[in-house]
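First the structure, in the form of structure tokens, and then the observations on it.
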Amino acid sequence: MNNKQNENMIVGEGVRFERIRRITGYLVGTMDRFNNAKRAEVSERIKHQTSCSR
Amino acid sequence: MVAFIRKRDSRVAPFDVNKIAQAIFKSAESQGGNDFAQSMQIAEKVREELEGTFVEEVPNVEQVQDMVEKTLIKAGHDRTAKAYILYREQRTRVRERNTRLMTTMRDLTFQDASENDLKRENANIDGDTPMGTMLKYGSEASKQFYEMYLLNEKHSLAHKEGDIHIHDLDFFSLTTTCCQIDIQKLFKNGFNTGHGFIREPNSIQSYAALTCIAIQSNQNDQHGGQSIPGFEFGLARGVAKTFISKLFLVLDILDIDRTESVRIDLRSYLETYGSILNEAGQAEVRRILGRTIGPEKVHSIIEKALKYTERDTYQAMEGFVHNMNTMHSRAGAQIPFSSINYGTDTSPEGRMVTRNILLATESGLGNGETPIFPIHIFKVKEGINFNPGDPNYDLFKLACRVSAKRLFPNFSFLDAPFNHAYYREGRPETETAYMGCRTRVVANANDPTREIVTGRGNLSFTSINLPRLGLSAAGDIPSFFSELERRIDLVCGQLLERLEIQGARKCRNYPFLMGQGLWLDSDTLGPDDEVREVLRHGTLTIGFIGLAECLKALVGTHHGESEEARKLGLEIIGFMRRKADEKAAETRLNFSVIATPAEGLAGRFVRMDRERFGSIPGITDREYYTNSFHLPVSFPVSAFNKIRLEAPYHEMTNGGHITYVEVDGDPSNNLEAFEDIIRAMKEMGIGYGSINHPVDRDPVCGYTGIIGDVCPRCGRRDGEGVPMEKLRNIKGYVHDHRSMEEQLEERDKTANIAL
């Protein structure tokens, strides 16, 4: 394979982003391993504001 | 006369001779027979035979079937008898195949983790691998075995129906949860992993590698996690030993004459005083070297040795983190669930360990990935690291920076009154440590002279379904409390029964935990001694889940929503704590209350309660119950209010607790705000806390940070390809994007396990 072809090559197809989240207390590199209940919990977590209303 | 028959599920039913006749007729039919009257005759004969055999006893199904076989053979109906036996065998297999266990095994075998929730019960185990599936077979089979054979019926029923949850039921009769390992004690004079003897280590790299081995070995003797309570205190001596070696390396390179007596002098100084990098130690080094070398030369030799020591320490810590994320335990199905506590050792050696474990974690794994293990806990203490001017304040700042990028370390607060109560200056084993998701073990009802963290851990814990109690009380608060009391009594009884079984195990059942003396006082046991007495140093813990939903059920609001609920919430958990304290005083066992870290349980309780009570808004309408005393994750509240509202529960939950704050965006860009939150936790009486923020990574271009739908660096969407040309034009993209110096370091690194 010459350089030209190499440059046109597409890489990373099918490679998923890693999303590290904390589950109960430890980290998990991918949410694929979370059980259904914990997946639902993560998706419903909302952020806590730090600037307003002490 | 035979009037009854005992069925397979042990219920008694009226005896019906027609059923026997039908079974015989079916067997005869399969062999070409068609005479029902004859089948009926044989059935009558069976009844007669049974009446002769079972005078007072009620025959069971198997005994009746045996009699049918015998009668058929006796009457000369050999072919029908054979058909009957075959039919019976087929029925048995169908029945066995349909038992719960076999159905579970089938699902574990043929379903992927993506479609089988059971395989994702613990996110630390990949249920699709051979060893992961094998572990699940064992786990599911033993759970069903204990439910059917070992558990007291009362406890088994309460567990099955979801009133309580007996955690780690699969290990019910086998072992205890976790241990806080004193590596200093373990390394002294070496130890045995059960597969070979290991000498006392002589360099920081060996200290770090052996710490991994200790965690890994002990993980196999218990069902929970492993923790090192004073990580840098334990490894500090390795740094000092490496410094002495480096000193000699420099002398050797410079071809300076040296005698073995110098090494012996330095080692014996270290043995006596414990530190060689502190001022007194350095003065001693200068004095000893000064006997033959001029002062200027001595200075440069020491500087060089220090530089090499720092570098080796970094590499040792890097190796430690890599090992903790790659070495397997438990039949290879998972990496050890490890925790390390550090931050308070002010000796130069200890500081070097803390600094470098933080820096190595900040750098990440081989391609810059965020390390998953160990869980890091930075111990915050006024006068040591909390304020400018404190000797380890720089390390606290560094800990904040690393946590803002890597989610670890978490922060524990030694000044919280309930932690401070155990603190004795100069005795690191009295500094409260946390392990795993939140477990805390420090008080000691069994031996109040030894309120220390080392050599101790949790024995077992069982959680109470609080929303169920709230819903059942239907607003009647006094009746809620009396039911809660009964449930606590039930849990205490169950924990004691389990301790009885655990206590009957022998020292040799735990070759590392007990055999190597890791557990407090286990060094007094012989191989065949029961572990009963020494287990008393551990904790028996009553957990709870869903305080928020429970309050909703009782008063219509949770503790984030109304003053009434806030007060009642504290009364409920305060009540649980009082009951645990009473039980501890009565038994001199460490009964305590834990804010349960529900993982598999989060969904289990709510599913059962929805079936029972229907879908009730704010209570059973979600897929999970809220963790312990936490405010619901979907409830909008400021970080500071969340901390303020959850802090009082930390004091009550002496068996373990944690508070999380969820932060938007990348906190690395605002370290001041990050530190403010940690400081607020300390000021408001939190025992243990951490900040959650999204950490995403694109493995294709190596970007780490927040990724929405599109990677901010290479512009691809999840799963999309990207042209090589585009990647090459991105600044920083080389498959290895570390600095040249780091790459060289990596090249120099020797295998972590080789000693």
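The values are calculated or read from the model by the stated rules, or taken from the named source; none is laboratory data. In this text the structure is predicted, and so the values were computed from the model without any measurement. All Cβ positions, even for glycine, are placed from backbone atoms using ideal geometry, and neighbour counts span all protein chains on display.
Numbers below:
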quantity	calculated
Search result, residues across segment B:696-713 that are in a loop (DSSP other than H, G, I, E, B) and surrounded by 18 or more Cβ atoms within 10 Å (Cβ to Cβ)	B:Asp698, B:Val700, B:Cys701, B:Gly702, B:Tyr703, B:Ile707, B:Cys711, B:Arg713
Failed item, numbered, when B:His630 is tested on (1) part of a loop (DSSP other than H, G, I, E, B); (2) over 15 Å from B:Met681 (Cβ atoms); (3) within 12 Å of chain A (Cβ to nearest Cβ)	(2)
Unmet criterion (only one of (1) touching a residue at least 24 places away in the same chain (Cβ under 8 Å); (2) on the phi > 0 side of the Ramachandran plot) for B:Thr175	(2)
Test: residue in segment B:258-266 that is within 25 Å of B:Val353 (Cβ to Cβ), touching a residue at least 40 places away in the same chain (Cβ under 8 Å) and touching a helix residue (DSSP H, G or I) at 6+ places or on another chain (Cβ under 9 Å)	no
Index of the failed condition, B:His630 passing every other in (1) within 23 Å of the chain's Cα centre (by Cα); (2) more than 15 Å from B:Cys550 (Cα to Cα)	(2)
Unique residue being crowded, with 21+ Cβ neighbours inside 10 Å and not hydroxyl-bearing (Ser, Thr, Tyr) when the list is B:Ala548, B:Ala585	B:Ala548
Residues within segment B:649-691 that are part of a loop (DSSP other than H, G, I, E, B), touching a Lys or Arg at 6+ places or on another chain (Cβ under 9 Å) and within 10 Å of chain A (Cβ to nearest Cβ), tallied	4
Criterion violated by B:Ile706 - all others in (1) touching a Pro at 6+ places or on another chain (Cβ under 6 Å); (2) at pLDDT 90 or above satisfied	(2)
Selection from segment B:156-188 of residues that are assigned to a helix (DSSP H, G or I) and closer than 22 Å to B:Val531 by Cβ	B:Leu169, B:Asp170, B:Phe171, B:Ile183, B:Lys185, B:Leu186
In segment B:1-23, the residues that are of a type in the set (A, V, I, L, M, F, W, C) and part of a helix (DSSP H, G or I)	B:Val17, B:Ile20, B:Ala21, B:Ala23
Flag if B:Arg79 is exposed (fewer than 12 other Cβ atoms within 10 Å of the Cβ) and part of a helix (DSSP H, G or I)	no
Flag if B:Asp345 is outside any helix (DSSP H, G or I), of a type in the set (Asp, Glu), closer than 30 Å to B:Pro391 by Cα and assigned by TED's automatic domain parsing to the domain that holds B:Phe233	yes
Identity of the residue in segment B:714-734, part of a helix (DSSP H, G or I) and either aliphatic (A, V, I, L, M) or modelled with pLDDT of 90 or more (or both), that ends up farthest from B:Val663 (Cα to Cα)	B:Met724
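Let's see how each residue does on (1) buried (at least 24 other Cβ atoms within 10 Å of the Cβ); (2) in a helix (DSSP H, G or I); (3) not assigned by TED's automatic domain parsing to the domain that holds B:Thr620:
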{"position": "B:Arg487", "(1), (2), (3)": "no, yes, no"}
{"position": "B:Glu497", "(1), (2), (3)": "no, yes, no"}
{"position": "B:Leu518", "(1), (2), (3)": "yes, no, no"}
{"position": "B:Gly560", "(1), (2), (3)": "no, no, no"}
{"position": "B:Glu564", "(1), (2), (3)": "no, yes, no"}
